[in-house]
Amino acid sequence: MELAEAFQNALYILEEERVRPTPSYRYVAKEWSREMLLEECTLKPQGYTPSVAAATTLTRMRAKRPREVWENPKLFVFESVNFNLLLTIMNQLPAENRPAFVAGLLKPMLDAAPTNNGYIFPCWRGKTSSLALLAEFCIRNGYVQALLDATLKLKMPSTGVAVMLIEIEEMISLNFNILSRAQIDNLPKALAHLREIAEQQTWTAKQASGGGRMVNNPHYRQGFSNVGEEIVKAIDAIAQQCNQARYFYVKGVLEQTTNLEVESDKTKVVGFLDSLGFDPLLTASLAKAEDLYRASSDAFDLKSCLGHIRSFYEHLNIDAGQAIANNLKTPVVDEWDPTLTFLKNQSFLSLQQDKFARGLYTLLSDEGVHPLIAEREFARLLRNVVIEYGLMFLTMLQKKGVTIKA
């Protein structure tokens with residue numbers, strides 16, 4: 001599909017979306033969530049299922065600001081017919097044309113339209129906007145920065161932007177991990193311009209700080225104060241939601257990965273690497289894997305993490321093998337398989353240790369190199385096993401008096 005045709009078809013969809021919005025969040029868990037149990041204080045009548053309770057709870061939570069962030073982001077799934085149509089159009093474009101496609105959709109920043117559908121979410125003062133869908137589309141497809149950059153070009157607040165921010169509040173509340181930890185940290189700052197132009201429409205004149213004469217506001221325009229106040233409140237609420245989401249990121253990382261024995265052993269591994277004279281790049285590779293693991297927002301980050309863990313594991317053995325071979329005045333090929341054979345033949349690894357080391361390398365390659373993505377469970381397991389292997393291997397080297405550099 002040509003870019004011009006894709007863009008025109010998408011505009012037809014967005015115009016329909018502006019009048020009849022399609023985004024929704026559906027509760028998919030079979031159990032009662034913590035948030036629902038906190039909200040539901042009365043006895044539950046027969047047939048009052050978790051999905052029904054979730055809808056009731058969600059309606060009440062939408063009336064609050066700031067919105068509470070649900071700790072488990074997998075309880076609700078986002079659904080939208082028009083989202084799927086836009087995604088189908090974009091996937092028919094060559095990869096190099098997709099950023100221009102998204103930028104073209106954002107450029108008009110279409111305003112809101114009145115709705116006659118009664119209560120519908122998201123809306124503000126009876127108006128809906130396709131910007132809510134565009135926000136979901138950009139954030140869920142990796143174009144967060146394009147969306148934020150588009151807001152920097154705005155000169156006045158609008159109802160469409162207000163509706164968009166309400167949808168972002170919803171997204172963070174129910175699926176906060178759609179935004180990475182870094183994006184969560186940056187979001188309030190990225191919305192600062194939008195807040196500023198909105199706040200400028202909330203007052204005509206005020207007394208200067210510290211007292212004195214009244215100061216007129218040259219930016220104020222009649223008719224924008226209400227929407228300005230709404231946008232300011234929404235952005236301030238989003239900032240508080242980001243604080244709670246940040247906490248859940250930290251909590252999740254600590255609960256999923258913190259094993260005091262493993263963390264202690266990792267510290268010992270780093271100490272051995274330094275004392276035995278290994279190349280500092282080896283320590284840097286392990287540190288990079290740790291950074292990716294702790295800050296990971298998706299399976300692609302975890303794949304990169306496993307790639308660094310594999311490199312660390314491979315070169316830990318190869319560098320040690322080269323050092324031992326130099327001490328023995330015996331050549332050995334600077335590659336994985338010959339090194340493992342050499343270490344076994346020189347009794348630095350037993351037969352079972354050799355089999356384990358090879359099996360671990362194969363597993364690291366299968367999970368960290370060949371797949372497009374990696375799952376957190378595999379990343380956690382392989383990270384921990386490599387650390388424990390490293391401690392065993394480096395302890396053995398120390399006991400045998402092996403040093404990597406003179």
Pick from region 170-210, criterion touching a residue at least 24 places away in the same chain (Cβ under 8 Å) and of a type in the set (D, E, K, R), ranking: surrounded by the fewest Cβ atoms within 10 Å (Cβ to Cβ): Asp185
When region 210-244 is examined, which residues are found to be of a type in the set (Gly, Ala, Ser) and either within 20 Å of Ala63 (Cβ to Cβ) or in contact with a helix residue (DSSP H, G or I) (Cβ under 6 Å, 6 or more places away or on another chain) (or both)? Gly228, Ala234, Ala237, Ala239
One residue is enough: does region 313-333 have a residue meeting the conditions touching a residue at least 40 places away in the same chain (Cβ under 8 Å), surrounded by fewer than 16 Cβ atoms within 10 Å (Cβ to Cβ) and closer than 30 Å to Arg246 by Cα? no
Filtered residues of region 62-72 (kept if among the aliphatic types (A, V, I, L, M) and either within 18 Å of Ile178 (Cβ to Cβ) or touching a Gly at 6+ places or on another chain (Cβ under 6 Å) (or both)): Val69
If I ask for residues that are among the charged types (D, E, K, R) and assigned to a helix (DSSP H, G or I), which ones from region 145-157 would you list? Asp149
Return the residues of region 353-378 that are buried (at least 17 other Cβ atoms within 10 Å of the Cβ) and at pLDDT 80 or above; say none if nothing qualifies. Gln353, Ala357, Tyr361, Leu364
Given the conditions (1) touching a helix residue (DSSP H, G or I) at 6+ places or on another chain (Cβ under 6 Å); (2) farther than 19 Å from Thr22 by Cα, and given that Ala162 satisfies all but one, which numbered condition is not satisfied? (2)
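Hey, does region 159-169 have a residue that's assigned by TED's automatic domain parsing to the domain that holds Ala63, modelled with pLDDT under 90, crowded, with 16+ Cβ neighbours inside 10 Å and not hydroxyl-bearing (Ser, Thr, Tyr)?
Looking for residues that are assigned by TED's automatic domain parsing to the domain that holds Ala63, modelled with pLDDT under 90, crowded, with 16+ Cβ neighbours inside 10 Å and not hydroxyl-bearing (Ser, Thr, Tyr), one finds none in region 159-169, hence no.
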Here are some conditions: (1) surrounded by 18 or more Cβ atoms within 10 Å (Cβ to Cβ); (2) closer than 17 Å to Asp366 by Cβ. Ala299 meets all but one. Which one does it not meet? (1)
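Here's a check for you: in region 89-125, which residue that is polar (S, T, N, Q) and more than 23 Å from the chain's Cα centre (by Cα) is modelled with the lowest pLDDT?
Among those residues, the one meeting the criterion is Asn116.
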From the option list Gln241, Gln222, single residue qualifying as under 25 Å from the mean Cα position of the chain (by Cα) and not hydroxyl-bearing (Ser, Thr, Tyr) is Gln241
Within region 326-342, tally of residues that are assigned to a helix (DSSP H, G or I) and more than 14 Å from Lys400 (Cβ to Cβ): 8
For the list (1) surrounded by fewer than 17 Cβ atoms within 10 Å (Cβ to Cβ); (2) under 15 Å from Leu382 (Cα atoms); (3) among the charged types (D, E, K, R), I need the number of the one condition that Asp274 fails. (2)
Tell me yes or no: at least one residue of region 211-223 is assigned by TED's automatic domain parsing to the domain that holds Trp70, part of a helix (DSSP H, G or I) and touching a residue at least 24 places away in the same chain (Cβ under 8 Å). no
Single condition Gln346 does not satisfy, out of (1) surrounded by fewer than 18 Cβ atoms within 10 Å (Cβ to Cβ); (2) closer than 15 Å to Leu302 by Cα: (2)
Scan region 263-271 and tell me whether some residue there is at pLDDT below 90, closer than 30 Å to Thr57 by Cα and surrounded by fewer than 20 Cβ atoms within 10 Å (Cβ to Cβ). no
Hits in region 2-28 (condition: β-branched (Val, Ile, Thr), closer than 11 Å to Leu133 by Cβ and not in a helix (DSSP H, G or I)): Thr22
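The values are calculated or read from the model by the stated rules, or taken from the named source; none is laboratory data. Keep in mind that this is a model prediction, so the values were computed, not measured. Please note: Cβ atoms are built from the backbone with ideal geometry, for glycine as well, and neighbour counts cover all protein chains shown.
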